[in-house]
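Here's the structure, in structure tokens; my notes come after.
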Amino acid sequence: MDKSAVLADWIKPNNMPITSSEQFAPSNIALCKYWGKRDKQLNLPMNASLSVSLGHLGTHTRLVPIDYSADEIWLNSDRLLPSSAFCQRISAFLDLFRKPGTCSFRVTTRNSIPTAAGLASSASGFAALAKAVNESFQLELNTEQLSVLARLGSGSACRSVFKGFVEWQMGQREDGLDSHGIQLNAAWPGLCVGLVKVDASVKATDSRSGMQRTVETAHLYQSWPVQAAHDIVLLKEAIAEKDFAKLGQTAEHNALSMHATMIASWPPLVYWQPESLATMQRIWKLRKDGLAVYFTMDAGPNLKLLFEQADLDAVMRYFPDMEVIQPFGHG
Ligand code: DP6
């Protein structure tokens, strides 16, 4: 099934944008990762995932209908070449909603994510764009439908439509209308996420092709959806019980298991740099010495540390350059 068929019932007959729109969506960090698709076209996942949204860190997107024949796309005050991969992805997303040749947009995207933090912006970017399209075309979609829309841009974007802890239910339907985020009714004031930058350069293999390679070539991948399903249960228990050790351990184990499947791909997919491993070893040593700090990692060399506010000063002593976010505010 293609994206237009999925959206057919949601799109208005005249397909014209009514108004400009400016929207924000937060970045999110997965504690149980999305890795592998059962449908590449619709970004339908092989497993459910669970994330925490990063409060005010994310993407602001302004969408303005214009008279020119092509979209004009800006990223952090730079006008991008229409042929760039970023522009092509955004224009292709907008094509889902407009009749060919009828209108163009100026899309202004500003990330409040520190650019060197090694955080992906596609999740918050497509979530903000989905919200802006909803307003501009007056589609009047509810939040779950918006999450479906964001997923069609980038899988992990379906979680960035929401604040706080978010579960992406994998769903069963062929059209994916049941595969979207839902916000968990839980908060964790004082929970800290620390961004430790190892290398901010663009990664050699993006998540999209990396996960495809893993699904196609790694025998270890068979056990991934089984572990992810189990980890979701453990994470929800940890969140309900405010059991930080269980949360941290499950998130770290989940990330390392995902990386194990990547490394077992062929050609091998190793996102770590020597400093990534050195940082992991420091964290394991700190934990052995009694500090409750854990980490998670995505498809890149940087680490995201998980700890509680009570340990903020102690963790900062070892990672003075780390950017710290408290998604639920102070404890
Ligand atoms: C490792 O959502 O970027 O960050 O659906 O192809 O756009 P596409 O992939 P994307 O993959 C994110 C993978 C991850 C794990 C996660 O965020 O759950």
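The values are calculated or read from the model by the stated rules, or taken from the named source; none is laboratory data. Source: prediction; values computed, not measured. A quick note on method: Cβ atoms are made from the backbone with ideal geometry, for glycine too, and the neighbour counts reach across all protein chains shown. The protein model used for the area step is the full one, side chains on, heavy atoms only, and it has no ligands, DNA or RNA in it. Shrake-Rupley method; radii C 1.70, N 1.55, O 1.52, S 1.80 Å.
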Report task. On a 0 to 90° scale, report how tilted helix 244-263 is relative to the longest principal axis of the chain, with both axes built from alpha carbons and the result rounded to the nearest 10. Result -> 70 degrees
Report summary line: In Å², rounded to a whole number, the accessible area per residue of the chain with probe 1.4 Å is 45 Å²
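If the only charges are +1 at each Lys and Arg Cβ and -1 at each Asp and Glu Cβ, what is the size of the charge dipole of the range 191-325 around the Cα centre, to the nearest 20 debye? Kindly include the intermediate steps, with their values, before the conclusion.
Values: 13 positive and 16 negative charges, 43 e Å.
Dipole magnitude for the range 191-325 comes out near 200 debye.
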Query raised in the report: Expressed as a rounded percentage, what relative contact order does the range 210-300 have, with Cα pairs under 8 Å and six or more residues apart?
Result: 34 percent
Report task. Please provide three numbers in whole Å: the alpha-carbon extents of the range 3-183 along the principal axes, with the largest listed first. Result -> 43, 39, 27
**Report entry** the range 1-69 and the range 115-187: distance between their alpha carbon centers, rounded to Å
**Finding:** 5 Å
Query raised in the report: Rg (Å, one decimal) plus Dmax (Å, integer) for the alpha carbons of the range 116-231?
Result: 16.1, 46
Query raised in the report: Of Lys3/Lys33; Lys99/Lys304; Lys131/Lys246; Lys40/Lys285; Lys12/Lys33; Lys37/Lys236, which sit over 32 Å apart, Cα to Cα?
Result: Lys99/Lys304; Lys131/Lys246; Lys40/Lys285; Lys12/Lys33
Query - Anisotropy class of the range 191-325 from Cα gyration tensor, a/c 1.5 cut - result: oblate
Query - Angle in degrees between helix 122-136 and the longest Cα principal axis of the chain, rounded to the nearest 10 - result: 30 degrees
Query raised in the report: On average, how much area does the Cα convex hull of the chain cover when viewed from any direction, in nm²?
Result: 16.3 nm²
Requested in this report: Would you mind calculating the relative contact order of the range 1-77 from Cα pairs under 8 angstrom and at least 6 residues apart, reporting the percent as a whole number?
Outcome: 34 percent
Query raised in the report: Quick one: with all protein chains in place, what share of the accessible area of the chain is carbon or sulfur, to the nearest percent (1.4 Å probe)?
Result: 53 percent
Report summary line: Quick calc, the chain, dipole around Cα centre from Cβ unit charges on Lys, Arg (+) and Asp, Glu (-), nearest 20 debye, gives 300 debye
